[in-house]
Amino acid sequence: MNTPSLSVKDAQVDLIDRVIRYHGQTKHHFNRYARSLGYLDWANQPDPFRRFEGAQQISLPLLKPTEEPLSPAYGAIYERGAVPCQSLTVRTLSRFFEYALALSAWKKAGESEWALRSNPSSGNLHPTEGYIGLPTIDGLDLAPGLYHYAPKEHGLELRAEFPGDPISRLLAPFPSGAFLFGLTSVHWREAWKYGERAFRYCNHDVGHAIGSARIAAATLGWNMVLIDGIDQNTVAMLLGTDRKEDFGEAEPEHPDCLAVIWPGNDPHGLESTGIPLFLDPNIVKELAEARWHGSANRLSQEHGVHWDVIDEVAEASWKTRADKLAISLPTRALPLSDALHVSRAVSDAGPSAGQIIRQRRSAVAFDGKTSISASTFFRMMQRVIPCAERSQLERLIPWDVWPYDPAIHLMIFIHRVDGLTPGLYFLVRDSRKLSFIQQAMNTELTWTVAPGCPEGLPLYWLLEGDAKRLAAQVSCHQDIAGDSAFSFGMVAEFEGTLRGRGAWWYPRMFWEAGLLGQVLYLEAEAAGVRATGIGCFFDDPVHEIVGIKTLALQSLYHFTIGGPVEDRRLQTLPPYHHLPRRSS
């Protein structure tokens, strides 16, 4: 007797249910945590640096802050048109990777040294790998091909030699000078420490890297958008993660996303068709037949427990559909300021973007006394409002990279913000969602516009009172959530989004959360304080604070900002002290 097969619709529902089951299984509770090994297997700690042995490495110049291309002022990168466009050269590409994925410092304690990077990572484990796909570009002395970025060496490894004609045809629908940027994840790097919850953290880090790359591009006057209308098999084929012969016994890479980056605002005759958010899969197949180089290094000798649940959720959330989506180009000059814009920065005012990016760190402790002004707090909140009612390329940087309306909102514990009463607040990042959010929470909550709030900023005051102990308690009893100036949970429009869009949208919720966190990491540094992400929190107890009883909303990521306490026992070393200075 034949078993009837599932319909396409039933199969999609099954995938969504599997994703939701994973999310529920990996929640932390007061009486039990999500499963992990329970200790750190130091003998098998993963190598933080992926290399492809046998692939040619091209060293990028190690540029001083005073060398060209110079960094614009930090505030200028958020203003479209305020940063002059740089040509794509080896030097500008070096600066892009420096700000996006490179080492930012080394820390040393005794005989131990470990690297920090421009892009944040859960536990500083760095599961995210970066790639670029280049055509032939005048002034760029690099052959067409796929390159893997090696952060320890600040170099590019040639993974595949792309014939000039196919890669040019693949990028023909995009503005002139465009190239591809891709991200993958090594799930094992996070699972080694965090067990079954690692899939969440890997996707946070993808979001951080999307944010750091978009900001890096903005420092050069470049644009960047996610090409999210393609299926994941196409991403895997282009980035070579499906080449089992190149990975062998090494830990595989999960293909996450692709983006297109292009210099300036040259529409290249695309006014009528806009910019596609997809690639021609037939040309990608043609490129995949190119000559490939290198074998992935093994990161751990032994893996101990293999977390099958991570493989299962990765499979369930795999994007199998392709959509011929496109975004339109602006037909008018973009406004530099409105009710939600932060005032335009003068080009020579304040710290440079490069300085802020280089000094960014994840705080490990807060002093429990530093406060910030209400104006500083409001500015931070303005930075994370993308102006969703605008077309994508008219949104605030870096939100123009994100081809979706906001699905993440902030439940904020205010501790020490001068001018704001301590208590619980809520930022609705898309004001059109206010009614939905109110209905998903305790209906007896009073939504009062925060005192002194700038016009148009959808920030609401829900509850008054000292929330320091509560914030720490629901963040796995971590003092950093209460000793800061404020902390918050990133609350996602959860089940409705999955049911409406598909299981493949589950990772994208974490990407959006990570992108949001990256903006606030930099904003904290610019304000003279420091931030850190909190991946460990008690999921449902967080929901109980505001009466969330269904899966309509779910907290995905916590974050906290305040006055840092520095560990004076640690020595800080320059990021590339281990390499000879090189320039070009």
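The values are calculated or read from the model by the stated rules, or taken from the named source; none is laboratory data. These figures come from a predicted structure and were not determined experimentally. Neighbour counts are summed over all protein chains in view; Cβ atoms, including those assigned to glycine, are modelled from backbone coordinates with ideal geometry.
For the reader, a short list of remarks on this structure follows.
- Taking the criterion of being more than 17 Å from A296 (Cα to Cα) and polar (S, T, N, Q), the residues of region 49-66 that qualify are S59, T66.
- Residue that is surrounded by the most Cβ atoms within 10 Å (Cβ to Cβ) [pool: residues in region 352-373 that are farther than 20 Å from Y78 by Cβ and aliphatic (A, V, I, L, M)]: A363
- Residue check for A209: buried (at least 18 other Cβ atoms within 10 Å of the Cβ), in a helix (DSSP H, G or I), without any contact (Cβ under 8 Å) to a residue 40 or more places away in the chain and not charged (D, E, K, R): no
- Restricting attention to region 121-142 and to residues that are closer than 19 Å to T234 by Cα and of a type in the set (A, V, I, L, M, F, W, C), the residue that is farthest from the chain's Cα centre (by Cα) turns out to be L134.
- Scanning region 486-515 for residues that are of a type in the set (S, T, Y) and without any contact (Cβ under 8 Å) to a residue 24 or more places away in the chain gives no hits.
- When H577 is tested against (1) part of a strand (DSSP E or B); (2) at pLDDT below 95, exactly one condition is not met: (1).
Yes/no per residue for (1) in contact with a strand residue (DSSP E or B) (Cβ under 8 Å, 6 or more places away or on another chain); (2) of a type in the set (D, E); (3) not in a helix (DSSP H, G or I):
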| residue | (1), (2), (3) |
| --- | --- |
| G500 | no, no, no |
| P507 | yes, no, no |
| F510 | yes, no, no |
| V519 | no, no, no |
| E544 | no, yes, no |
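- Residue match in region 419-432 (condition: at positive phi and either touching a residue at least 40 places away in the same chain (Cβ under 8 Å) or not assigned by TED's automatic domain parsing to the domain that holds E495 (or both)): yes
- Among the residues of region 380-390, those identified as in contact with an Asp or Glu (Cβ under 9 Å, 6 or more places away or on another chain) and either hydroxyl-bearing (S, T, Y) or modelled with pLDDT of 85 or more (or both) are M380, R383, V384, I385, P386.
- Residue within region 418-440 that is farther than 22 Å from G547 by Cα, outside any strand (DSSP E or B), under 28 Å from the mean Cα position of the chain (by Cα) and hydrophobic (A, V, I, L, M, F, W, C) present: no
- Looking only at residues in region 167-206 that are among the polar types (S, T, N, Q) and surrounded by fewer than 24 Cβ atoms within 10 Å (Cβ to Cβ), the one that is modelled with the highest pLDDT is S168.
- Pairs, first in a loop (DSSP other than H, G, I, E, B) in region 231-257, second modelled with pLDDT under 95 and not hydrophobic (A, V, I, L, M, F, W, C), C-beta under 7 Å, six or more apart: D231/R321
Per-residue answers, yes or no, for (1) of a type in the set (D, E, K, R); (2) touching a Leu at 6+ places or on another chain (Cβ under 6 Å); (3) within 30 Å of A314 (Cβ to Cβ):
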residue	(1), (2), (3)
V19	no, no, yes
N31	no, no, yes
L37	no, no, yes
R50	yes, no, yes
A82	no, no, no
S87	no, no, no
V90	no, no, no
S94	no, yes, no
K107	yes, yes, no
